[in-house]
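The values are calculated or read from the model by the stated rules, or taken from the named source; none is laboratory data. Since the model is a prediction, treat every value here as computed from it, not as a measurement. Cβ coordinates were reconstructed from backbone atoms using ideal geometry, including for glycine residues, and neighbour counts include every protein chain displayed.
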Amino acid sequence: MAGAPFVLDEYKPYLDDRWNQGCTNAWKAWEEIVPLGYKGSYQRVGAYFRTKRLSTDPVTAPPPSPRTVAGWILRHPDTLTEAEQLRLKAVLVHCPELDALTGHVRSFAEIFTERLGQRLPAWLDAVRNDNLPGLHSLAAGIDRDRDAVIAGLTLPWNSGVAEGHVNRIKMLKRQMFGRAGFPLLRKRVLLYR
């Protein structure tokens, strides 16, 4: 049966129309083309829709969700697959504000992970020069305590142990539902291991 691999070809224009109308459910599309005479399997339709989903062509690929784009921006660029990098690049080309935001997020991540606190003032200046109001409020918050933030991003010491103890005390307090007074809380804190 020489024509079997191409059994879906005559239905592709219909499937493309349905895709462009927003129907990205392969099962539903398969159910629609069976009454039209399609004799092939659901797997062929599913594979065809999968190729459309993974396509970098903005005309055929559905736009990624905001959550997906945020995930691509927040992840290290080396961990993105080639398809994800291409789709992110396509999104950033169409939105210069998002492109600027991506640059700021990635440079801040580098400052944060590599303890380059001395670069923070230059980062803050770059953020203020762009028209990104959400980042302006972040920059203003950092500016209020600039020296402490720079020290936190530069020095190897941190307050992790103290924060852990505070978290443990708050947990014990929540377990008592606010019904016990300070003497019982003190006893539980001293006896908790």
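Results, tabulated for the structure shown:
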| read-out | value |
| --- | --- |
| Segments classed as helices (runs of 4 or more DSSP H), wholly inside segment 94-190, with at least 3 members that are acidic (Asp, Glu) and assigned by TED's automatic domain parsing to the domain that holds His76 | 96-113 |
| Tabulated pairs, segment 6-28, first of a type in the set (D, E, K, R), second in a helix (DSSP H, G or I) and modelled with pLDDT of 80 or more, C-beta under 8 angstrom, 6+ apart or interchain | Lys12/Tyr48; Arg18/Ala29; Arg18/Glu32 |
| Residue within segment 129-136 that is among the charged types (D, E, K, R), surrounded by 15 or more Cβ atoms within 10 Å (Cβ to Cβ) and under 28 Å from the mean Cα position of the chain (by Cα) present | yes |
| Residue that is under 30 Å from Pro96 (Cβ atoms), without any contact (Cβ under 8 Å) to a residue 60 or more places away in the chain and touching a Gly at 6+ places or on another chain (Cβ under 9 Å), where the choices are Gly117, Gly152 | Gly117 |
